[in-house]
């Protein structure tokens, strides 16, 4: 039982360290998130962005800048914490718990890139509609919050379903 709490504390410690580290970062430090997101967005819209050192990726046609706040770093660490702690509730073997740590860090990374890409593409689509509501920065933040919460909840529910299904299958065998 104590070992389970050690894993929970390790997950929380990783979350806190990453959160504190994020405060000190710039867009240049977050290229591991920004660059793949930019490449996917560019692929979908058929246009390229210019990288501006210290700022991020700028697209003059749409007048958007993909920068630090668009990196989705907070989503990444929240997704990791939620998935890892959900998984810990269902894993009893210590070695599997340690293996789950890098797996959920990687899963969170790839999900963050996918969610950011969809969020930016939705934002571009909405701004192309020339709706005055979409030009308000608080709407942009609300849209991002909604998309992030939706995907956090969805990933939690899918993971919970898969873990419960696995447990039921093990009970039947």
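Just so you know, all these numbers are worked out from the coordinates, no wet-lab data involved. What you see is a predicted model; the values in this text were computed from it and never measured. Cβ placement follows ideal geometry from the backbone for every residue including glycine, while neighbour counts extend to all protein chains displayed.
What the table shows:
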item: Relative packing of 105-114, 77-86, which averages over residues the other C-beta atoms within 10 Å, highest first; result: 77-86, 105-114
item: Segment 2-172: relative contact order as a whole-number percent, Cα under 8 Å and 6+ apart; result: 23
item: The chain: C-alpha gyration tensor shape, a/c 1.5 cut-off, then a/b vs b/c; result: prolate
item: Packing rank of 60-70, 154-164, where each peptide gets the mean count of other beta carbons within 10 Å, highest leading; result: 60-70, 154-164
item: Between segment 73-91 and segment 5-68, the Cα center-to-center distance that results, in Å; result: 19
